[in-house]
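K.L.:
Quick one: the structure is below, and I'll ask about it shortly.
Each reported figure results from applying straightforward, stated rules to the coordinates on display, with no laboratory input. Since we're looking at a predicted model, the values are computed, not measured. When we count neighbours, we look across all protein chains shown, and the Cβ atoms used for this are built from the backbone with ideal geometry, even at glycine.
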Amino acid sequence: MPKDYAKPRLVQHKEGMMNKFGSVTNNFMDSIEKVKVATLVQEFGSPLFVLSDKIIRQKYRDAVRDFAHQYPRVQFSWSYKTNYLSGVCAIYHQEGSWAEVVSEFEYEKALNLGVPGEKIIFNGPFKPYESLKIAAQKRSKIHVDHMDEIFALEKIAGEIHRPIEIGIRINMDVGIYPAWSRFGFNLENQEAYTAVSRIQSSGKLIIKGLHSHIGTFILEPNAYKTAIQKLVFFAKKIREDFSVKIDYLDTGGGFPSSNTLHTQYLPGHQVNPPIEKFAEVICGELMKYVGMFDKPPLLILETGRALIDEAGFLISTVVARKRLSDGTAALVLDAGVNTLFTATWYKHDIIPAQAYSQIMENTVIYGPLCMNIDVVRPLVLFPALSSGERVIIKPVGAYNMTQWMQFIRYRPAVVLIDQKGKVHQIRRKEDLDYMTMLESIPPYLLGRKAKDLPRKA
């Protein structure tokens, strides 16, 4: 009997509209940026993350163009938490982006990559005291999140013998629910106004900017219109009451990529607003109010997902084909939710990496973990691939290489394909030496024989 034999099963096929679970195209994808999948796997193994330098730069340049054509002062700041691999961050900084970080780890990484302190934005609800002090000394843009941070910065101002310039993070109701109210100071209940009053009374901090981040994967551009209106009128209010002059407005990130959410019926690339739509709304609204400022405030954008997601691909190999108890087809891949964290949010495109049978059926696609939750796609119309055949999952450039887990299996390598088609490994795949390098065994556990171990009574 052939090794890949599978018991025949009749599957009814109907013409007409595709089902609600979607489908793959009739085309396969056997290369990424003209580099063969087989070649990549042979050299770097499977699973394997692949990033495109060309797509990264094109997405960034398109975004800068979309905003700069509609507003005179624009600055992008790369969101490190979206993908903080050094090879990725270096591309954005080469293109002119600042760094937006939310931890001391990310701050240190930005400095090591050569980003000047004044071009680092320090966000987040937890900034350890020493990292705050370093950021203040290097004149980074520190966005305060709560009163305790204000108190800490006032103390630091005394230690470095000069006032510290800061931004205020504000949360507000912009019609997006659930509202992100845990970060910063609330606008509607006067918390933000009270914070400004407290800061002005001490004289140790100087407010230079207002920052907001209204949510993630925002599908309604007009939510940013509301945010701009509220930020501008708050800037006007604190100028009238406290003589605070705002130099910049930071609208954060939150723009969607072309990925499809599990809650969406149609594919994301068809229904998710493109970044130029957000540029039109944000810049158009801000231009209405530039006369309220001495000069147009710098518009800062901390865009992450929308700039990197489409540049990322994950090559994975089928390790098993099986049927569930109800007869549903299933495939097991060598990449699961430990590697592809965003599978919990998105219906990723999964494309065969070689020619395949045109007979399709609803299939559950699992990862390799010994956990029932390891589901890459709950159900998708898919061909009956065999063990050893490969798929490409996309887009996967955002968050997967920062939120992946070292759980059960080693994390894979990451490669970057430059614009000349050359492949660069920017992160090696893990091995046992790497995983145990931070561990130690207490001396009393070393050298004991099995007969010396405690036994049950």
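K.L.:
Quote the Stokes-Einstein diffusion coefficient, in whole µm² s⁻¹, for the range 196-244, based on the Kirkwood radius over alpha carbon pairs, a temperature of 20 °C and a viscosity of 1.002 mPa s.
P.N.:
172 µm²/s
K.L.:
Now a separate question. Could you tell me the calculated FRET efficiency between GLN270 and ASN362, based on Cβ-Cβ distance and R0 = 22 angstrom, to the nearest 0.05?
P.N.:
Here the calculated transfer efficiency is 0.55.
K.L.:
With a Förster radius of 51 Å, plug the Cβ-Cβ distance of VAL423 and HIS161 into 1/(1 + (r/R0)^6) and report the FRET value to the nearest 0.05.
P.N.:
0.50
K.L.:
Projecting each Cα onto the charge dipole of the chain (Lys/Arg +1, Asp/Glu -1 at the beta carbon, about the Cα centre), which of MET172, PHE255, PHE67 comes out farthest on the positive side?
P.N.:
PHE255
K.L.:
Would you compute, for the Cα atoms of the range 252-377, the largest minus smallest coordinate along each principal axis and list the three values in descending order, in whole Å?
P.N.:
68, 29, 27
K.L.:
With n ≥ 4 as the cut-off for DSSP H runs, can you work out [θ] at 222 nm for the chain, using -39500 (n - 2.57) per run divided by the number of residues, rounded to the nearest 500?
P.N.:
Values: 13 runs with 128 residues, N = 457.
Mean residue ellipticity at 222 nm (helix-derived): -8000 deg cm²/dmol.
K.L.:
Quick check: the distance between the Cα centres of the range 74-147 and the range 257-277, to the nearest angstrom?
P.N.:
If you average the Cα positions of each part, the centres end up 29 Å apart.
K.L.:
Past the 18 angstrom mark, what percentage of all C-alpha to C-alpha distances in the range 40-194 do you count?
P.N.:
66 percent
K.L.:
In nm, what is the difference between 0.36 nm times the number of residues separating GLU220 and HIS262 and their Cα-Cα distance?
P.N.:
Net length gain for the segment: 13.4 nm.
K.L.:
Another one. Considering only DSSP beta bridges whose two residues both sit in the chain, what percent are antiparallel, to the nearest 5?
P.N.:
45 percent
K.L.:
Mind putting a number on the dipole of the chain about its Cα centre? Charges go on the C-beta only, +1 for Lys and Arg and -1 for Asp and Glu, and I need it in Debye to the nearest 20.
P.N.:
Taking the Cα centre of the chain as origin, the dipole is about 820 debye.
K.L.:
Points 7 angstrom from Cα along the Cβ direction at ILE408 and GLU188: gap in nanometres?
P.N.:
A separation of 4.2 nm, rounded to one decimal place.
K.L.:
Using square roots of five times the C-alpha gyration tensor eigenvalues, list the equivalent-ellipsoid semi-axes of the range 299-457 in whole Å, biggest first.
P.N.:
Rounded to whole Å, the semi-axes are 34, 25, 15.
K.L.:
Sticking with this structure for a sec: Take the cross-link list LYS237/LYS295; LYS141/LYS245; LYS138/LYS236; LYS204/LYS230; LYS208/LYS230; LYS133/LYS208 and give me the ones stretching past 21 Å between alpha-carbons.
P.N.:
In this structure, LYS138/LYS236; LYS204/LYS230 exceed 21 Å between Cα atoms.
K.L.:
For TRP78, list long-range residues whose amide hydrogen, built 1.01 Å from N in the peptide plane, is under 5 Å from its own amide hydrogen.
P.N.:
Long-range HN contacts for TRP78: TRP98, ALA99, GLU100.
K.L.:
Rounded to two decimals, what is the ratio between the C-alpha radius of gyration of the range 53-309 and 2.2 N^0.38 Å?
P.N.:
Normalised Cα radius of gyration, the range 53-309: 0.98.
K.L.:
Provide ARG427, ARG377, ARG198, ARG390 in ascending order of the number of other Cβ atoms located within 10 Å of each residue's Cβ, fewest first.
P.N.:
The most exposed by this proxy come first: ARG198, ARG427, ARG377, ARG390.
K.L.:
Could you state the principal axis extents of the C-alpha atoms in the range 171-294, from the largest down, to the nearest angstrom?
P.N.:
Principal-axis extents of the range 171-294 (Cα, largest first): 53, 31, 20 Å.
K.L.:
What is the pair-distance distribution P(r) of the range 110-190, computed from all Cα-Cα distances in 5 Å bins starting at 0, with each bin given as a whole percent?
P.N.:
Going out from 0 Å in 5 Å bins, the range 110-190 shows 3, 14, 24, 21, 15, 11, 8, 3, 1 percent.
K.L.:
Given that compact globular proteins tend to follow 2.2 N^0.38 Å, what is the ratio of the alpha-carbon Rg of the chain to that value? Mind showing how you got there, number by number?
P.N.:
Values: Rg = 25.6 Å, N = 457, 2.2 N^0.38 = 22.6 Å.
Scaled against compact globular proteins, the figure is 1.13.
K.L.:
Given the Cα-Cα distance of LEU324 and GLN200 and 0.36 nm per residue of separation, how much length would full extension add, in nm?
P.N.:
Contour length minus the Cα-Cα distance gives 38.1 nm.
K.L.:
Still on this structure: What's the ranking of 94-101, 292-299, 437-444, 213-220 by average number of surrounding C-beta atoms within 10 Å, highest first?
P.N.:
94-101, 213-220, 292-299, 437-444
K.L.:
Something else: Any idea how far apart TYR129 and PHE151 come out in nm if each label point goes 7 Å out from Cα toward Cβ?
P.N.:
So the two model labels end up 1.2 nm from each other.
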